[in-house]
Amino acid sequence: MVEGEPQTKHKQACDVKDERLLNGCGSKDLELATLGATKDLPVKLNPDADKNSDKADFEKAIELTRYGKFHFLLLAVCGFVSTSEEMDVISMSFILPSAQCDLNLNTKTKGWLNSIIFIGMMAGAYVWGSVADFLGRKKVLIVSSFMNALCIVASSFCQSYELFMVFRFLNGAALGGSGPVIWSYFAEFQPKSKRGSMLSFMAAFWTLGNLFVAGLAWLIIPSEIGFKNQYFVYNSWRIFLLICSFPSFIVAALLCFLPESPKFLLSQGRSEEAITIFRYIYHVNTGNDADDYPVKHLIYEQEELTVEEKAKIASRGKFQNMIVDILDNSKQLFISPILRFTIISITINFTFHIGYYGLMMWFPELFNRFDEYSRAHNGSEASVCEVTNYVVNIGSHVAGSVCSDKISSTVFMESLITVSAALPSNIIAILGMDRLGRKFFLVFSTVSSGICSACMYLVYNKTHNLIVSAVFSSVISCGNAALDSLITEIFPTNLRATGIAVSMVAARLGGIIGNIVIAQLLDLYCPAPTFIVTALLIGGGLLCLFLPNTTLKPLS
């Protein structure tokens, strides 16, 4: 087990430099910043820092703002971003059984519909994440949230499978911005003593998104609301999708009232702006006058740029500097020893999300298949594979059979119970993340959920299916919180959004493969998906043991 980082330090020569500064954040920060071969200018902490009451490094500065109202308002808004993102992703799993007649869907096309949003998220994550490391977190979050909401509204009006796929892709491309950036943004306001628990708290909003969308689906989709004629259909599942867009519009507006990340501003050399934000946070948290905030200067030292370096920067336009910056960020993620962190985070995200989305997105479909089999066989028991064989070869999925989009309300109730099971786990993660550590929760989660996946092969009725699904949802939610915390913390500030974005590209690829492969194997060779997911979850989760221990450590 590797609990720390390598001790080597070196300076990275780079053709692209500007006058951005990196604040001092303690020995581990300096270690990871140089260790990551970042393009930021080398910095050193002033050894007399503690002797100057009006001077502080970033960690001291954020602690002196106190912890209070501002941070809880920030949690509410950032958590709502996470909620809206999960609603958009998971909503498709509730739409599929109902939309199969409107859009003429089969198992294969359902798999692609589940996956297309992840393809869009892959395309968007890297671009948005890289831009956020240059232009700032807040701007990217506002633009991507608004774009996301518009794409959802447009998709609800689509009358064909092909057009629906286009807007779901664009929806995913917008979500690629909010996903990686919101974690960077939120983490960069947190002192090290609170960061793990608050990141876990924000991960709980992901579960709330699952709960909200399951409850909304239960209330709206089985109803007869909507209208249709020979040219246009706008029925209950489309209205459900329209309502799912509302949170994205709301968060786009709320984000306008929040400040930019002070950690990001410091990485850009904008220390006066960072100080202004610290004063504002102090005022909101304490009620005291902003001028009473004790820190007047942030401690860092800058190595002067050469005349040639300054001239090179000045000769390029802002857009060209941004492109060069983005490419340089990406390059540095794949330079040793940050390369090790990048490869492991990519692998863990890939394997984890094959399991998470490969099963979670298909649970409502499985509940519906069990319900169909039970109605046709007077409630008799059967395994997942027997139920699937009946539905595909005899039941509603047979080519030429009469399509039915009537879904029993019990299917939605079972889905709601499944996602509700994650709430206790989220509470445990919030309370224990900074005590037991990220690695403990991630290993426990991946091993436990892997075992649950294997147990799907032993399911013989709706009750068994519900129990295994609920336990899987519960334990994997702990791992989701731990993974988000760990990946957010291992990258230095100037590479954080890009690093998370690259990791999330791998996560979305896992979601794509999980949905398409599991969809095909479920119908062609039923036992395979459960054991493939088991091996990937356990194997990927154990890789976290080779990452540094970031629990209660300053952000680099």
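A compact table of results
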item: Residues located in segment 378-387, provided they are part of a loop (DSSP other than H, G, I, E, B) and either in contact with a helix residue (DSSP H, G or I) (Cβ under 8 Å, 6 or more places away or on another chain) or at pLDDT below 80 (or both); result: 379, 380, 382, 383
item: Filtered residue count, segment 165-194, keeping only those that are part of a helix (DSSP H, G or I), closer than 18 Å to residue 503 by Cβ and of a type outside the set (A, V, I, L, M, F, W, C); result: 8
item: Positions within segment 345-390 being farther than 18 Å from residue 533 by Cα and of a type in the set (A, V, I, L, M, F, W, C), in sequence order; result: 367, 370, 376, 382, 387
item: Enumeration of residues in segment 253-279 that are part of a helix (DSSP H, G or I), open to solvent by 10 Å² or more (accessible area, probe 1.4 Å) and touching a residue at least 60 places away in the same chain (Cβ under 8 Å); result: 254, 271
item: Single match in 197, 193, 178 (criterion: hydroxyl-bearing (Ser, Thr, Tyr) and buried (at least 24 other Cβ atoms within 10 Å of the Cβ)); result: 178
item: Unmet criterion (only one of (1) assigned to a helix (DSSP H, G or I); (2) modelled with pLDDT under 80) for residue 417; result: (2)
item: Pairs, first closer than 11 Å to residue 65 by Cα in segment 287-306, second in a loop (DSSP other than H, G, I, E, B) and modelled with pLDDT under 85, C-beta under 7 Å, six or more apart; result: 294/53; 294/54; 295/54
item: Some residue of segment 226-237 being touching a residue at least 24 places away in the same chain (Cβ under 8 Å), closer than 16 Å to residue 94 by Cα, surrounded by 14 or more Cβ atoms within 10 Å (Cβ to Cβ) and not polar (S, T, N, Q); result: yes
item: Subset of segment 215-225 (residues that are in a helix (DSSP H, G or I), buried (at least 16 other Cβ atoms within 10 Å of the Cβ) and among the hydrophobic types (A, V, I, L, M, F, W, C)); result: 216, 217, 218, 220
item: Enumeration of residues in segment 238-252 that are open to solvent by less than 20 Å² (accessible area, probe 1.4 Å) and over 15 Å from residue 218 (Cα atoms); result: 245, 247, 248, 251, 252
item: Test: residue in segment 304-320 that is surrounded by 14 or more Cβ atoms within 10 Å (Cβ to Cβ), in contact with a Leu (Cβ under 7 Å, 6 or more places away or on another chain) and at pLDDT below 85; result: no
item: Unmet criterion (only one of (1) assigned to a helix (DSSP H, G or I); (2) within 23 Å of residue 128 (Cα to Cα); (3) out of contact with any Cys (no Cβ under 7 Å at 6 or more places or on another chain)) for residue 202; result: (3)
item: Criterion violated by residue 107 - all others in (1) on the phi < 0 side of the Ramachandran plot; (2) at pLDDT 80 or above satisfied; result: (2)
item: Residue 217, sole failed condition from (1) under 30 Å from residue 277 (Cα atoms); (2) touching a residue at least 40 places away in the same chain (Cβ under 8 Å); result: (1)
item: Among the candidates 467, 516, 451, residue that is surrounded by fewer than 24 Cβ atoms within 10 Å (Cβ to Cβ) and modelled with pLDDT under 80; result: 516
item: Conditions (1) in a helix (DSSP H, G or I); (2) open to solvent by 10 Å² or more (accessible area, probe 1.4 Å); (3) touching a Phe, Trp or Tyr at 6+ places or on another chain (Cβ under 9 Å); (4) aliphatic (A, V, I, L, M): number failed by residue 127; result: (3)
item: Considering residues of segment 333-386 that are open to solvent by less than 10 Å² (accessible area, probe 1.4 Å) and of a type in the set (Gly, Ala, Ser) only, the residue farthest from residue 439 (Cα to Cα); result: 382
item: Residue count for segment 426-448, restricted to those that are crowded, with 24+ Cβ neighbours inside 10 Å and among the small types (Gly, Ala, Ser); result: 2
item: Pair list, Cβ under 9 Å, 6 or more apart: segment 105-128 residue more than 21 Å from residue 502 (Cα to Cα) and touching a residue at least 24 places away in the same chain (Cβ under 8 Å), other residue part of a helix (DSSP H, G or I) and charged (D, E, K, R); result: 107/365; 107/523; 108/523; 110/365; 113/168
item: Selection within segment 421-469 - among the aliphatic types (A, V, I, L, M) and over 30 Å from residue 192 (Cα atoms); result: 451, 454, 456, 458, 459, 466, 467, 468
item: Any hit, segment 200-211, residues being farther than 30 Å from residue 274 by Cα, of a type outside the set (S, T, N, Q) and more than 15 Å from the chain's Cα centre (by Cα); result: yes
item: Odd one out for residue 5 among (1) surrounded by 20 or more Cβ atoms within 10 Å (Cβ to Cβ); (2) within 28 Å of the chain's Cα centre (by Cα); (3) at pLDDT 50 or above; (4) not small (Gly, Ala, Ser); result: (3)
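Residue-by-condition table, conditions (1) of a type outside the set (Gly, Ala, Ser); (2) within 24 Å of the chain's Cα centre (by Cα):
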| residue | (1), (2) |
| --- | --- |
| 84 | no, yes |
| 99 | no, no |
| 120 | no, yes |
| 135 | yes, yes |
| 139 | yes, yes |
| 142 | yes, yes |
| 158 | yes, no |
| 162 | yes, no |
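The values are calculated or read from the model by the stated rules, or taken from the named source; none is laboratory data. On a predicted model such as this, the values are computed, not experimentally measured, just so you know. Don't worry about glycine lacking a Cβ; one is built from the backbone with ideal geometry, like all the others, and counts go over all protein chains shown. To get the accessible areas, we keep the full protein, side chains included, count just its heavy atoms, and leave off ligands, DNA and RNA. Shrake-Rupley method; radii C 1.70, N 1.55, O 1.52, S 1.80 Å.
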